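K.L.:
Handing you this structure, nothing more for now.
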Amino acid sequence: MNNAEIAARDLNALWHPCTQMKDHEQLPLIPIRRGTGVWLEDFDGNRYIDAISSWWVNLFGHANPHISRRVNRQMQELEHVILAGFTHEAVVTLSEKLIALTPVGLTRCFYAENGSSAVEVALKMSFHYWKNQGHSGKCEFVNLSNSYHGETLGALSVGDVELYKHTYEPLLLKTRTVAAPDDYYREPGETRQDYAARRFAEMEATLERHGERICAVIVEPLVQCAGYMRMHHPEYLSWLRAACDRYQVHLIADECAVGFGRTGTLFACEQAGITPDFMCLAKGLTGGFLPLSAVLTNDDVYGAFYDDYESLRGFLHSHSYTGNPLACAAALGTLELFEQSDVLGRNRRLARAMADATAHFRDHPHVADVRQCGMILAIEMVKDKHTRESYPWRERRGLTVYRHGLENQALLRPLGNVVYFMPPYVINEQQINHLADVAWRGIQLATKD
Ligand SMILES: *Cc1c(COP(=O)(O)O)cnc(C)c1O
């Protein structure tokens, strides 16, 4: 079996996610035979460093032996059981651990199957909480510009990435969008913090004016990942937490992408010293092995649903594979790897290596910004470095970088004109340097005319 054979069969039977299938008339589809650590290997024997952790899910490498054993062991005992009326040890232990690890005050875990459904759960719980408390006028959500919270209709409604959202606009919930405190747009000489403060004034005004109708503000703490890896100062989140309390509005922290050590702390909210009312976790939760998500919330929210059945205050939401034991075992294996070694300490060294390897990108004539938050580093290609005019999206410059990566042992998958590294934590410095070299040459090719 080789790449061409599998790709041909695939293209006769599949419809791929986030893909214009016609692209594959020119763009090769890469069938992967196996993965080990940071490496993916295709059926022709080519190898690629997975610089994007396979859509940001992988933390400790492909086919990680510890997580793999954990899932295997679970599989011999119990593959799945309904989580209504029944429970199992893996989900209980996982819940205890998540409560212990997440910011103080989060005391309840509700499970779903992916990030989007976790966001749906948080939105529904927030709305339902206010209804149970007699605030039935609250039925809107506030989000930040350029945010991303998933693809199902509710999650899409509170996102703001035009490319994914525009077509479905008539189907979506009403959402108030406030300008994000995105560092990229600060004025020359303005500090990140001053810019965040300036942006926060708009959030404050929105909450003051419309708070009575607003259930929750939803944010991606520190990094808007799908929104081109744009970053903001943590202080914004502290101010937001205080304002949400002032105006009786929930704060939903969507840590689907930034949770589990990505930003330098186990959870991004820690850098702002805040506890959200809802925290959504997915992606890295299972180390990239199996789909699972969790929504953590507090006693106050839980208490507002706790009543006699006839009150009909219960949260009657479920997914078939809620709290699946195999996925929980993968999550436990992942958390054990955090316990067994100083992952965050090692990540600090790796993050420094990523910064060093890309420091010279700042001088590139078509790079406007090199930004980093822990194990996420992004390089923004622009047409004009001084005005920051972007390349028109139709030119698809990022695709040149993607192709160049594939020819040089690197899976780099730019978001538009933004090339980024978000590698598994088992990457080493030599591999980081290789990625930087490939990205540099890819950017040269992509920007040469
Ligand atoms: C990926 C992502 C989601 C959606 O998760 P899925 O598992 O893809 O449904 C939601 N929020 C954020 C911040 C994400 O990065």
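The values are calculated or read from the model by the stated rules, or taken from the named source; none is laboratory data. On a predicted model such as this, the values are computed, not experimentally measured, just so you know. Positions of Cβ are backbone-derived with ideal geometry, glycine not excepted, and every protein chain shown enters the neighbour counts. All accessible areas refer to the heavy atoms of the entire protein, side chains included, with ligands and DNA or RNA removed. Shrake-Rupley method; radii C 1.70, N 1.55, O 1.52, S 1.80 Å.
K.L.:
How big is the dipole moment of the stretch 168-260 about its Cα centre under a simple scheme where the beta carbon of each Lys and Arg is +1, that of each Asp and Glu is -1, and everything else is neutral? Debye, nearest 20, please.
P.N.:
With only Lys, Arg, Asp and Glu charged at Cβ, the dipole is about 200 debye.
K.L.:
Among TRP393, GLY261, PRO17, flag the residue with its Cα farthest along the positive direction of the charge dipole of the chain, charges on Cβ as +1 for Lys/Arg and -1 for Asp/Glu.
P.N.:
TRP393
K.L.:
Ranking request for peptides 63-71, 306-314, 46-54: highest mean number of other beta-carbon atoms within 10 Å first, then the rest in descending order.
P.N.:
46-54, 63-71, 306-314
K.L.:
Report the charge-dipole magnitude of the chain in Debye, nearest 20, computed about the Cα centre from +1 at each Lys and Arg Cβ and -1 at each Asp and Glu Cβ.
P.N.:
Charge dipole of the chain: 580 debye, to the nearest 20.
K.L.:
Please compute the Kirkwood hydrodynamic radius over the stretch 376-420, one decimal place, Å, based on all pairs of different Cα atoms.
P.N.:
The answer is 11.0 Å.
K.L.:
If you don't mind, another one. Among ALA436, ALA100, ALA253, which one moves the most in a GNM of the chain with springs linking Cα atoms closer than 10 Å?
P.N.:
Comparing ALA436, ALA100, ALA253 in a Gaussian network model of the chain, the most mobile one is ALA100.
K.L.:
Sticking with this one: Picking from ASN146, ASN428, ASN114, which is most flexible by a Gaussian network model of the chain using Cα springs under 10 Å?
P.N.:
Judging by the Gaussian network model, the answer is ASN428.
K.L.:
Hey, another quick one. For the pair ASP10/PHE86, report the inter-label distance in nm, with labels modelled 7 Å from Cα in the Cβ direction.
P.N.:
3.6
K.L.:
I'd like the distance between the alpha-carbon centres of the stretch 307-326 and the stretch 1-16, rounded to an integer number of Å.
P.N.:
40
K.L.:
Can you give the accessible area of ARG346, probe radius 1.4 Å, in Å² rounded to 10?
P.N.:
90
K.L.:
Now for a different question. So what is the calculated 222 nm ellipticity per residue for the chain, using -39500 (n - 2.57) for each DSSP H run with n of 4 or more, over all residues, to the nearest 500 deg cm²/dmol?
P.N.:
-11500 deg cm²/dmol
K.L.:
Let me ask something additional. When the accessible area of the chain is computed with all protein chains present and a 1.4 Å probe, what percentage of it is carbon and sulfur?
P.N.:
On the chain, the fraction of accessible area on carbon and sulfur atoms equals 51 percent.
K.L.:
Over the chain, average the accessible area per residue using a 1.4 Å probe and give it in Å², no decimals.
P.N.:
On a per-residue basis, the chain sits at 46 Å².
K.L.:
Specify the inter-centroid distance of the stretch 425-449 and the stretch 165-221, based on alpha-carbon positions, in whole Å.
P.N.:
Using only Cα atoms, the two centres lie 33 Å from each other.
K.L.:
Right, another one. What is the gain in length, in nm to one decimal, between SER54 and HIS360 on full extension, counting 0.36 nm per residue of separation less the C-alpha to C-alpha distance?
P.N.:
Difference between extended and current length: 107.5 nm.
K.L.:
Tell me, what HN-Hα J-couplings in whole Hz come from the Karplus equation 6.51 cos²θ - 1.76 cosθ + 1.60 at θ = phi - 60° for each residue of the stretch 182-190, using x for Gly and Pro?
P.N.:
For the stretch 182-190, the Karplus-derived couplings read 5, 3, 4, 9, 6, 6, x, x, 7 Hz, x marking Gly and Pro.
K.L.:
Could you give each residue of the stretch 429-441 its phi-based ³J(HN,Hα) in whole Hz, using Karplus coefficients 6.51, -1.76, 1.60 with θ = phi - 60°, and x for Gly or Pro?
P.N.:
Couplings: 5, 5, 5, 4, 5, 4, 4, 5, 4, 5, 5, 4, 5 Hz.
K.L.:
Would you tally the net charge around TRP130, using a Cβ to Cβ cut-off of less than 13 Å, leaving TRP130 out, and scoring K and R as +1, D and E as -1?
P.N.:
+1
K.L.:
Then there is this: For the pair ALA179 and ARG47, what calculated FRET efficiency results from E = 1/(1 + (r/R0)^6), where r is the Cβ-Cβ distance and R0 = 41 Å, to the nearest 0.05?
P.N.:
Result of the calculation: an efficiency of 0.45.
K.L.:
Which entries in LYS124/LYS174; LYS131/LYS174; LYS97/LYS174; LYS22/LYS165; LYS385/LYS448; LYS124/LYS283 show an alpha-carbon gap greater than 24 Å?
P.N.:
Too far apart for the 24 Å limit: LYS97/LYS174.
K.L.:
Please give the FRET efficiency for TYR168 paired with ASP307, using the beta carbon to beta carbon distance and R0 = 45 Å, rounded to the nearest 0.05.
P.N.:
Working from the Cβ atoms, E equals 0.80.
K.L.:
Which values, in whole Å and largest first, are the semi-axes of the equivalent ellipsoid of the chain obtained as the square root of 5 times each eigenvalue of the Cα gyration tensor?
P.N.:
So the three semi-axes of the chain are 34, 28, 21 Å.
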